[in-house]
Amino acid sequence: MKAIYHAIYFDLTLQAVGFGIAALLIAAHLMALLKGGVVKAWLKKLPRNELLGTVILAIDFVWCFLVWTEMDLGEFHKFERAIQVILVLGFLGVGYYVREFLAVRAIGLFLILLACPVLDAAFLQPPVSRLLLVFLAYAWVIKGMFYVGMPYLMRDGIDWVSANPSRWKMASMAGLAYGVAVLVCALLFYGDAFPPG
């Protein structure tokens with residue numbers, strides 16, 4: 001577990017993160033642009049997809065458990081076992097009792113967890129273009145908090161963007177352009193960034 005934790009929070013370079021996020025953005029938004037009907041239909045079912053929600057929640061639990069177990073807790077080390085038990089009970093409780101919009105809440109928590117490695121990789125790096133990743137990470141955190149607390153916002157957002165073809169196309173092209181911008185920066189600038197500490 002320590003090797004996985006170290007790989008996520010210490011070994012990721014700015015360039016590797018840039019390539020990963022660029023690939024994700026380009027693939028997702030290109031799919032939305034080319035296969036709009038299929039993607040819209042899938043997205044409309046996403047907020048109430050309990051199976052997917054359970055899978056993502058399990059990933060969230062493992063990630064949280066990994067972080068709490070491997071991070072330096074300092075004076076809070078004495079609470080390590082107690083919090084591990086709380087994490088297990090919390091995962092089981094949420095998975096069983098909070099079925100409403102479970103997928104949205106799980107995605108929200110995943111976005112919050114995902115932001116940290118991105119911010120760690122960009123921390124104190126010289127390229128100003130790293131702010132493309134920083135901005136995206138903070139957007140994930142804000143969106144994630146709203147998804148956890150007000151999950152119906154994802155459903156409303158999906159309905160709004162998919163209701164108008166030009167709106168859907170504009171959102172898809174904007175995401176695609178952002179992904180291309182991150183890819184260009186990863187190729188041209190992020191290779192000169194300092195290695196992770």
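Of the helices (runs of 4 or more DSSP H) lying entirely inside the stretch 100-197, those containing at least 1 residues that are under 13 Å from the mean Cα position of the chain (by Cα) and at pLDDT 95 or above span 102-122, 131-149. Only a single item in (1) out of contact with any Leu (no Cβ under 9 Å at 6 or more places or on another chain); (2) buried (at least 17 other Cβ atoms within 10 Å of the Cβ) is not met by residue 164, and it is number (2). When we screen 122, 115 for residues that are in contact (Cβ under 8 Å) with a residue 24 or more places away in the chain and under 17 Å from residue 64 (Cβ atoms), the only hit is 115.
Quick check: anything in the stretch 13-31 at pLDDT 95 or above and more than 18 Å from the chain's Cα centre (by Cα)? Yes, the stretch 13-31 contains a residue that is at pLDDT 95 or above and more than 18 Å from the chain's Cα centre (by Cα).
Does residue 72 satisfy the condition of being over 20 Å from residue 170 (Cα atoms), touching a Leu at 6+ places or on another chain (Cβ under 6 Å) and not small (Gly, Ala, Ser)? Judged against the criteria, residue 72 is not a match.
Close contacts from the stretch 1-29, counting a first residue that is farther than 23 Å from residue 125 by Cα and hydrophobic (A, V, I, L, M, F, W, C) and a second that is at pLDDT 95 or above and assigned to a helix (DSSP H, G or I), with Cβ to Cβ under 6 Å and a gap of 6+ residues or different chains, come to 26/179.
Would the stretch 95-114 turn up any residue that is farther than 30 Å from residue 190 by Cβ, loosely packed, with under 12 Cβ neighbours inside 10 Å and not β-branched (Val, Ile, Thr)? Scanning the stretch 95-114, I find at least one residue that is farther than 30 Å from residue 190 by Cβ, loosely packed, with under 12 Cβ neighbours inside 10 Å and not β-branched (Val, Ile, Thr), so the answer is yes. Considering 82, 41, 16, 3, the condition of being in contact with a helix residue (DSSP H, G or I) (Cβ under 8 Å, 6 or more places away or on another chain) and either assigned to a helix (DSSP H, G or I) or buried (at least 16 other Cβ atoms within 10 Å of the Cβ) (or both) is satisfied by 16 alone. Is there a residue in the stretch 64-75 that is on the phi < 0 side of the Ramachandran plot, of a type outside the set (Lys, Arg), surrounded by 12 or more Cβ atoms within 10 Å (Cβ to Cβ) and within 16 Å of the chain's Cα centre (by Cα)? For the stretch 64-75, residues on the phi < 0 side of the Ramachandran plot, of a type outside the set (Lys, Arg), surrounded by 12 or more Cβ atoms within 10 Å (Cβ to Cβ) and within 16 Å of the chain's Cα centre (by Cα): present.
Hey, among 157, 175, 144, which residue is touching a Phe, Trp or Tyr at 6+ places or on another chain (Cβ under 8 Å) and either surrounded by 13 or more Cβ atoms within 10 Å (Cβ to Cβ) or within 26 Å of residue 45 (Cβ to Cβ) (or both)?
Details: 157 fails: touching a Phe, Trp or Tyr at 6+ places or on another chain (Cβ under 8 Å); 175 fails: touching a Phe, Trp or Tyr at 6+ places or on another chain (Cβ under 8 Å).
Just a single option satisfies the conditions, and that option is 144.
The values are calculated or read from the model by the stated rules, or taken from the named source; none is laboratory data. These numbers were taken from a predicted model, which means no experiment stands behind them. Glycine also receives a Cβ, built like all others from the backbone with ideal geometry; neighbour counts cover every protein chain displayed.
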